[in-house]
Every structure is written in structure tokens, then in C-alpha cells.
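The values are calculated or read from the model by the stated rules, or taken from the named source; none is laboratory data. These figures come from a predicted structure and were not determined experimentally. Note: ideal-geometry Cβ built from the backbone for every residue, glycine included; neighbour counts use all protein chains shown. Side chains included, ligands, DNA and RNA excluded: accessible areas come from the protein's heavy atoms. Shrake-Rupley method; radii C 1.70, N 1.55, O 1.52, S 1.80 Å.
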Amino acid sequence: MTTLTTADYRRAEQLLPHNAARLVPGAKIRPNREDGTDRFWYRVDTAQGRRFVLVDPAAGDRKAAFDHDRLAAALSSASGTAVEGAHLPFTSISRSGDTVEFTAFDTRWRYVPDDDRCIRIDAPDQAAIHERPSPDGQWVAFVRDHDIWVRSADHTEEFALTDDGEKYFDYGSNLDVALSRTMLRNAGVTAPPMLAWSPDSRRLITHRIDQRHLREQVLVESTPRDGGPPVAHSFRYAMPQDEQHAGARFVVLDVTRRSVVWEATGPSYIGHLSPFARGWVWWSHDGAALYFLRQPRYARSLGLYRLDPDTGAVDLLVDEHGTTRVEPAQLIFDRPMVRVLSTGEVLWYSQRDGWGHLYLYPALPRPGSASTDEPTRITTGAWAVRRILHVDEDNRTVLFLTSGLVPGEPYARQLCTVGLDGTGFTNHNDDAFDHEVVAAPSGAYFLDTASAVDTPPRTVVRDAAGATVVELERPDTALLVAAGWTPPERFSAKAADGVTDIHGTLWRPHGFDPSRRYPLVDSAYPGPQIMRATAGFSNPHFVSPEALAALGFAVVTMDGRGTPGRSKAFHDASYGNLGNAGFIEDHVAAIHQLADRHPWIDLDRVGIAGVSGGGFATVRAMLTHPDLYKVGVALCGNHDIRHYLALWADTYLGEGTAEQWADVANPNLAANLTGRLLLVHGELDDNVLPYQTLNLVDALIDADKDFDLLIVPGVEHSFMGRGHYVTRRTWDHLVRHLLGTQPPEGYAMQPFPAGAEHLAEQLG
């Protein structure tokens, strides 16, 4: 029996997403805009170091944001610490003209190229992740003791705008279950306030959330970092069949008058996540009105409302109902595709025709009931609008992304324009790539990153007509190839119904030899709120396919029926059918078809691994298809959806029948286990409670089944701080029981990126 070596694991580790990014520098560009302009800078991290690039689209210019070596020399001289130009000790900058400011060595610095000096400055404090600066930069809003406070940027004033907040009935917070408190605590940051400033910086809108009557949960931190005794952490957590759910009421706070205007309609159902976090609340451009989206529980309707910030009066503008959920975007946490134009017209996304298209509602003549006029249909066809990028009101056009226009690849996004009257549809792309696009604030330019699963991204700046203005990055795969990488392959197969086409990606094992037979791992996430097998180059999931391929596995990802990104019917296949785990039988059917095409796939050695909903799917696959799935790793799986976040079942199951509720519980099938299963959970997981895994453990013990269990102290749903250990244990389990060999003894993987800076970057 061949034993994998430390070198094998090290090669695989270098292909984990956070490491592989340095092997394809420039593949991911995050533009940072200069205030009031379309200029922006971005950072590129490479194996050799870090560089900052400045782009001026109007000039068609791309250059270094500063002389890295000269700045390093100046900083070395000023700080007394040696600094290299390729390894500058900061990750972000701010610019004014040629002057660059940054924070290094716990000090704020200003570098002026003309003087070639770095100067320590007493600059105003940068707004932290837990603060919200006003548009004019004069005020900063934050939460203190459950109330909204503001302070002046120069710290000469500080005062409260509310004074009656209390725990679980507070202002500017998110729901307890919306963003892991454990993750924030481990990263050393405080949650950002949920609010939006008016354009003139005079007022802000927030909400008061009532969680007082929600179910309380308690997690015990067994080994606190300070070495003290166990600590109990309590929080509020509504489950699907609970009667009590959180409510929220909007309130407009005037900073100059210190006045309060409440939403006149009173508290409403809020669900899982603050509407501020979802982009569901925004001011009109002139600050004279506020707009927000609202859904009732079960999400079978969606309304657009206008709030008068002077009186609190609320008017319903557009109202849509359906027999299943009505969504403002294809993916549940995407920004809603709703825009209120300066004319009062409403650009509205709807799946009413079975796909996902744009409609234009006329302006209402006066406040009152929702529009009853038929909207103008703007887009049409057997494809879906994916994102509104920019609305040009002067020329009456809208720039947007679609999917479904590339034959045979329903998930590739394409950049298109159409008139608001439905004429002049134009696809700006003449390729089959997946396009990720960011529009400039003015709409005059946009950043277009094009890639495929086998082709690294090429990023250019285009003008509003689609013409290339300047190319930014065109990375190659030379370093990836040197690390053993071979391009993955897109595939299509028939679903279990024998009719529906499904799509996915296949990775061949490194050092592939067609005369051999290889085990296969299904790296699974079943939705139904997001897609797993996207069409672009990046595949940043926890169970990394490329790393597993480096260890000698064939790996597959796919989207069965019931996942988004395509037609409404394709997505609705999961509605009321959550126990099917994103149609695992479609995965089974596709794997058999792949084995027919590729005799080197060993159907006697098929495994599955996944996180969260993928953990549920892993166990469900092993319990319902034990003849195929012999080995599995289920990480923080929500194994009984009856006891999971209410959002999941409310949105994709509805009220549910007794049979449907029984079908969403993996413990009910525990007696079916025959394969080798590893269960992993963080003890402080406040998203999927660790009791989900322990309930399954209890059922497996009752059924007298063997399994492996790893409970990770001190971590939450993403295993922050311990992700490297969990990944190594996942590999070890698959290597032993699926590859049939031994992992290297004593291999220690490097910790994954973590901490406040990493979290802030992930949150944008």
C-alpha cells in the first residue's frame, strides 16, 4: 500500500484557495474607488510580494500607485524598521493627488513623493468596521449600549440619538443569527451597525429589532482562551415551527435637530437578516424619500414601499405574489434587482414568466395603493437576468448581467444592455466566458473580469459602449501547472428524471494515468439558495476540489435540480422538498454517466464531503444511496432542518406537512449507515447549532453504527482559527478510507488567514 508523503500534502496545501491565489496573481481584483471619481486602486498579492496599482479609466491609464521601493526606503528611515518594496506592511491605502496614506506599525503615515518622506500624522480616526461615517465625512454613527450614537469626525461632539434601547429590543443591530457573534469575537471585531445615512448627511435611518420573545439558545465554551472555566453564551434563535419571530420597525433620526420619526405602519416580520445587510433599504438621490423591500414569513410575496422621512408615512408601490417564494434576485443574498428612477418609475425583477426578467412600472400619480398598471416588459427569453449594474436615465438604458445566453453553459454570465422600453438589446460579449462585472459610480466605465473553469481571468476596463479602455491583468497558469494543476472540465449530464440537463465540473487527479482507476469525491453543496458549480475560474469552497485532486482523487461538483441560476421551475424543484438535499439522486445519476464516459472512475470508491448544507447532503447521500457513497465527511451539517434557522425552511418549504417535516431529519435514517462517516462540528457554532450533529450521533448510537466524531473547541460555523486542522482531518479521512492509503504522520498545515483585517476584507 502506497503511503502519501509530507510533500504530497504540502503540494495539496499550496492549492487551497487562499494559497493558490498567489499562484495566479491578479485573478481577483477588488477596486477601491477614489472619492468622487472613477479612478481606483487595487492590490495584487503574488508569491514574490505585494503591489498596488492605480487605474484612471478616463485617461486609459494603468500604473503603479506609487514607487514601492522609494516608499519602502522612506518608511524604513522614518520608522526605524527595515521594509522592502515587495513586502510593504500594509494592505490598503488612501490617496489624495499623489499623496498616499496608510497604517503600518500601529501608526498612521503620509508619503509625499515630491519630498520622498514618510511622515507620522495625527489623522482623524478611520471609521472602524463597527462604525458608519456620513457621506460628507463629518459624522460617524455607531451603536453603544443598544442605542444609536453619533460623534463628530474631529471628536468634539458625541451624543445619543436614541435613549431607550435594551438588550434584544435595540437599535441598529442585526439579528443574533445573522452574523456569527462567535466569529466576530474570535476576530476581535464588533458587528457593524445596521443603518443608512441620507445623501446630505443630515439624517439616518435604522430599525429597532425586537427579539425578546424568541427562543433562547446556550452554547458552552469549554476552553476559553484566557484559561478560565467554561463560559456559557446565550443568544436568540428562531426555528421554523416557532410561533414567535423577530419584528422590526424603521426609525429616521435627524442628527442636526436630534428628532425621531417612526415608521407609521409599526413593526413587521424581519426574518433572518437585517434589510440593511441585504441592500433592501435605500434613500432617494435627493434624500426626500426612503425605499425598502419587505416580505412576510414564507416569502410568497414581495413589496416595494416608500417611506416619508418627515412623517413616517408608508406607501406600497409594487406588490407581487406567487405560489412559492417571490425573490428580488436569483441568489438569496444578492443585491435586489429593484431601482426607483428619478422619474418615479420602478425597474423591477420578476420570475413571473418562469425565468427572471426586468419590467418597468410607471410612476404613480400620487401616494396610495400599489400600481395596478401593466408594466413594460424590458427583457424576454429563456435566460435569466442576474444583476443590474447601472441605469442610465438620460439615455434610458440599463446595463446588466445575464446567464443562459451561452449555449450549453447556463451559468456563464454575460454583459448586456437594453433600453428601458425593451428595445436595443445588446450582448457586449462575443465569447463563452463567465463575466464578473463592477460598474463605476458614474456608469461611464466598468470592470469586466472574464474567465472559465479552465481559463484564468482577464480583467479589463470597458466604457459604456463595451469597448476596452485599458487592460489590467491577464494572469497565466504557469505557476499552477508547475504545482501539478491541470484544467478542470465542464460537463453536462441527465438528471435522474432522464430529461433535465444538469451541469458540473470534473477535476482529474494530478499525475493522471488513464490506465489506472481513481476514487471520486463529490464536493457537495445542495443549495437551494446558491449554486455550487459556477462557470468561472474561482471555486473557493471549504472542501477544495483542486487540493483533493492534488492528493490523487477525481473530484466533481454539480448543481442538481432545485438550485438557482436557471429557470424558476428548475429552482422550484426543491420547494417543499428540502429532504432531497438538492436532488442527490441527480448527483448519483451524473456520477454513473461520468463513469460510463471515463472508465478510470472507480464506482466502488465514491465519497462525498460538504459543509453546512453540504454536511446535511453528505449524510443524506450516505443514508439514501449507500450503494454508491461509501465514505463521507460532514462538516457542521444542519442534519435536522426542523431545528435549524427558520429562514431555510420558511423560504424553501413553507408551512410544511408532517411528512415533509419528518423528511428533513437525517437522524430518522441513521439505521441506513454502512459507510465510513466523519462528523465535524464547532462547539460554538451559532449558525448550525452543534446539537444538530449530536442529535445525529445519538441516533447513530441507538442504531449501533460506527462513525468518527470531531468536536472543535472555541470555533463557529467557519472554524475560524482551526480551519487548517479541520481540513487536514478531512483529507486524512478520505485518504485512509477512500484512497486506501495512509496520510503522512505529523503533518501540520499552516493556519488559514483570520483576524479582523481578513474578516473586514471578506465583508467588503
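Taking the condition among the aromatic types (F, W, Y) and loosely packed, with under 15 Cβ neighbours inside 10 Å, does F292 pass? I'd like the intermediate steps shown before the answer.
On the way: among the aromatic types (F, W, Y): yes; loosely packed, with under 15 Cβ neighbours inside 10 Å: no.
Against the criterion (among the aromatic types (F, W, Y) and loosely packed, with under 15 Cβ neighbours inside 10 Å), F292 does not qualify.
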Checklist entry - Scanning segment 579-598 for residues that are charged (D, E, K, R) and buried (at least 17 other Cβ atoms within 10 Å of the Cβ), which turns out nearest to V619 (Cα to Cα)? => result E585
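What residue, among those in segment 161-218 that are of a type in the set (D, E) and closer than 18 Å to A232 by Cβ, is least open to solvent (accessible area, probe 1.4 Å)? Lay out the reasoning, then the answer.
Of segment 161-218, the ones of a type in the set (D, E) are 163-164, 166, 170, 176, 200, 210, 216.
Adding the requirement that they be closer than 18 Å to A232 by Cβ leaves 176, 216.
Working: D176: 18, E216: 100 Å².
Restricting to residues being of a type in the set (D, E) and closer than 18 Å to A232 by Cβ, the top hit is D176.
Rundown of residues vs (1) closer than 29 Å to F333 by Cβ; (2) open to solvent by 10 Å² or more (accessible area, probe 1.4 Å); (3) in contact with a strand residue (DSSP E or B) (Cβ under 9 Å, 6 or more places away or on another chain), yes/no style:
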residue: F491; (1), (2), (3): yes, yes, yes
residue: K494; (1), (2), (3): no, yes, yes
residue: F512; (1), (2), (3): no, yes, yes
residue: G527; (1), (2), (3): yes, no, yes
Checklist entry - Would you pick out the residues in segment 463-474 that are surrounded by fewer than 19 Cβ atoms within 10 Å (Cβ to Cβ) and in a strand (DSSP E or B)? => result D463, T468, V470, E471
Checklist entry - Scanning segment 442-459 for residues that are assigned to a strand (DSSP E or B) and under 17 Å from E34 (Cβ atoms), which turns out nearest to the chain's Cα centre (by Cα)? => result L447
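Looking only at residues in segment 643-675 that are in contact with a Phe, Trp or Tyr (Cβ under 8 Å, 6 or more places away or on another chain) and within 29 Å of R729 (Cα to Cα), which one is most open to solvent (accessible area, probe 1.4 Å)? Show your work before the answer.
First pass over segment 643-675, keeping only residues in contact with a Phe, Trp or Tyr (Cβ under 8 Å, 6 or more places away or on another chain): 643, 645, 650-655, 666, 673, 675.
Next, only the ones that are within 29 Å of R729 (Cα to Cα) stay: 643, 645, 666, 673, 675.
Working: H643: 76, L645: 9, N666: 0, L673: 6, G675: 13 Å².
Here the answer is H643.
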Item to check | Residue list for segment 8-33, filter: touching a Ser or Thr at 6+ places or on another chain (Cβ under 8 Å) and under 21 Å from F446 (Cα atoms) | outcome: P25, G26, A27, K28, I29, N32
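Do the conditions hold for T379, that is, is it assigned to a loop (DSSP other than H, G, I, E, B), over 29 Å from S259 (Cβ atoms), in contact (Cβ under 8 Å) with a residue 40 or more places away in the chain and open to solvent by less than 50 Å² (accessible area, probe 1.4 Å)? Outline the logic, then answer.
Working: assigned to a loop (DSSP other than H, G, I, E, B): yes; over 29 Å from S259 (Cβ atoms): yes; in contact (Cβ under 8 Å) with a residue 40 or more places away in the chain: yes; open to solvent by less than 50 Å² (accessible area, probe 1.4 Å): yes.
Yes.
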Checklist entry - Looking only at residues in segment 3-48 that are small (G, A, S), modelled with pLDDT under 90 and part of a loop (DSSP other than H, G, I, E, B), which one is least open to solvent (accessible area, probe 1.4 Å)? => result A47
Checklist outcome for this item: Considering residues that are within 25 Å of L635 (Cβ to Cβ), at pLDDT 95 or above and out of contact with any Pro (no Cβ under 9 Å at 6 or more places or on another chain), the number found within segment 559-588 is 4
Checklist entry - Taking R151 and the conditions (1) buried (at least 18 other Cβ atoms within 10 Å of the Cβ); (2) of a type in the set (D, E, K, R); (3) part of a strand (DSSP E or B), which numbered condition does it fall short on, given that it satisfies the others? => result (1)
Checklist entry - Applying the selection to segment 680-701, what residues are in contact with a Phe, Trp or Tyr (Cβ under 8 Å, 6 or more places away or on another chain) and closer than 15 Å to R642 by Cβ? => result V688, L689, Q692
